[in-house]
Amino acid sequence: MNDRAALTPSPVSPADAAALLRGRRTVDLFRAGECPGRETLREAIDVARWAPNHHRTEPWRFALLGPESQAAIIDLNTELLTASKGGEIAAAKRQRWEAMPGWLAVSCVRDEDPITAQEDYAACACAVQNLALYLHSAGVGTKWASGAVTRLPAFLDIIGADRDREYCVGLIWYGYPKRAPRSQRKSLDMIIRERP
């Protein structure tokens, strides 16, 4: 006989869960000047940390970024893009990034064991999904960015991460969507293999 308590049924119906999962999409346009409060973000992070996590390493770290950190990242990205793609592209990207209302960076603590490291990255990705789903349920959209700037040591300094022990999983922009994004997926028959 198993002495562990059985899982209680979810208070959310399967249909409601499916609607939430299918409804969460990457948001690329946010309403200007509107951003959820820090308490909403703290609740989303609290939910995020309940992601599946092999060996319970809890490798995720979250940095809530204020205006100074945002400006520093925008400057760093502008410098990077100016050098690689030219001033015109850098200026356009700068303008777009300056319009992003809320900023959050997610980093992962490094593990020397390659299998644990892979599992920890997967756990952080699940945590980001938990965060995005919670925010979506609160009417807040998200966009997960992982461009070249997030891999720079200077970026880690800006977000307060330990360069020697962490790497960035992504920069998450959040705010109230300006429009409802649409998306499609391949048919189930294209992605399921049924084996004997």
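The values are calculated or read from the model by the stated rules, or taken from the named source; none is laboratory data. Owing to the predicted nature of the structure, the values given are computational and were not obtained by experimental measurement. Cβ atoms come from the backbone with ideal geometry, glycine included; neighbour counts cover every protein chain shown.
Taking residues in the range 23-38 that are more than 10 Å from residue 179 (Cβ to Cβ), and partners anywhere that are modelled with pLDDT under 95 and of a type in the set (S, T, N, Q), the pairs with Cβ atoms closer than 7 Å and at least 6 places apart or on different chains are 25/183. Of all residues assigned to the range 76-83, at least one qualifies as being without any contact (Cβ under 8 Å) to a residue 40 or more places away in the chain, surrounded by fewer than 16 Cβ atoms within 10 Å (Cβ to Cβ) and not β-branched (Val, Ile, Thr). Can you tell me which residues in the range 102-136 are over 15 Å from the mean Cα position of the chain (by Cα) and either in contact (Cβ under 8 Å) with a residue 40 or more places away in the chain or part of a loop (DSSP other than H, G, I, E, B) (or both)? 109, 110, 111, 112, 113, 116, 119, listed by residue number. Among the numbered conditions (1) part of a strand (DSSP E or B); (2) under 25 Å from residue 181 (Cβ atoms); (3) among the basic types (Lys, Arg), the only one that residue 61 does not meet is (2). Taking (1) farther than 20 Å from residue 37 by Cβ; (2) under 14 Å from the mean Cα position of the chain (by Cα) in turn, residue 142 satisfies each apart from (1). Candidates are the residues of the range 147-179 that are charged (D, E, K, R) and either farther than 14 Å from residue 106 by Cβ or buried (at least 16 other Cβ atoms within 10 Å of the Cβ) (or both); the one that is modelled with the lowest pLDDT is 179.
Would a scan of the range 50-59 turn up a residue that is modelled with pLDDT under 95 and touching a Lys or Arg at 6+ places or on another chain (Cβ under 6 Å)? The answer is no; no qualifying residue exists. Of all residues in the range 126-155, those being within 21 Å of residue 90 (Cα to Cα) and among the hydrophobic types (A, V, I, L, M, F, W, C) number 7.
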